[in-house]
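Structure, as structure tokens:
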Amino acid sequence: MTKKFKLVLLIFSLVFILNGIVFAQDMALIAKNLEVADPEVKVGDIISQTKEGLFRSNIPYDENIIGVVGETPILVFGKPTPTTLPIVSFGETSVKVSNINGEIKKGDFITSSEKQGTGQKATQSGFVVGRALEDFNQEEGLIKTKINIQYQYTSGKVPITGIFGEIWRQLGKPENFPAVLRYIFALILGGGSFFAGFFAFVSALRKGVEAMGRNPLAKKSIQLAMVLNLIGILVLTLAGLGLALFVILY
């Protein structure tokens, strides 16, 4: 194995290792500094979008949940101001909950409740803020939660008709139409970048091996071209995924 091939393997290994380290962190991963109209908001509160702005959620299974007020997110988008707070949309963070809907066990889904900013155990189909990462049986407090805002079915299985029904229902709301289109565009952009990069990588590797077989004397120059080609593919793929994330968050 030549030094150039070892360099390529090292680059790819570092990318996967760094990716694993980031997602293994026991902290909030992604947050965005947003203007919060509610003056009583505290760390751990569940936040929803209302006509008046961002306020603490006070509707069970609120479909307008946007995240949780975080304390030390790893990745924060947007400039902080005196009136903004980091709203966690993905990752692990503490969420304010109560036992008004029963004792919370590790693995239970957490949703909003009638108590402002306070979560509860989800016992029926509806929107949830995430999944509990520890047990909780107190009147009220903070619980570590894996944030993943979604519509969750009580059976744990989402029927195909349910998926399309939910998408259609969201599209039927004029205020949600731009957001739905943004997510669809980000999905196409991110998925397209990944698959295009993967197939380009396979194609470049195959052509390089074939070229070296036909012309062994030009082996070093072909290997150099392959390395540069693979680095370019990696950069473009990561750029596409980064652009998709940018589209979702902004």
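Taking the average, over residues, of other Cβ atoms within 10 Å as the packing measure, peptides 66-73, 39-46, 236-243 rank 66-73, 39-46, 236-243 from highest down.
Pairs of Cα atoms in region 26-155 fall into 10 Å distance bins, from 0 up to the last occupied one, in shares of 15, 50, 30, 5, 0 percent. Positive end of the dipole of region 30-119 (Cβ unit charges, origin at the Cα centre): among 113, 43, 77, the Cα lying farthest that way belongs to 77.
Here the Karplus curve 6.51 cos²θ - 1.76 cosθ + 1.60, taken at θ = phi - 60°, turns the phi angles of region 89-102 into couplings of 10, 7, x, 9, 7, 7, 10, 6, 9, 9, 9, 5, 10, x Hz, with x standing for Gly and Pro.
We did not get these values from a lab; they are worked out from the coordinates using the rules stated. Note that the coordinates shown come from a computational prediction; the quantities given were computed from them, not determined experimentally. So basically every Cβ, Gly included, is an ideal-geometry build from the backbone, and we count neighbours across all protein chains shown.
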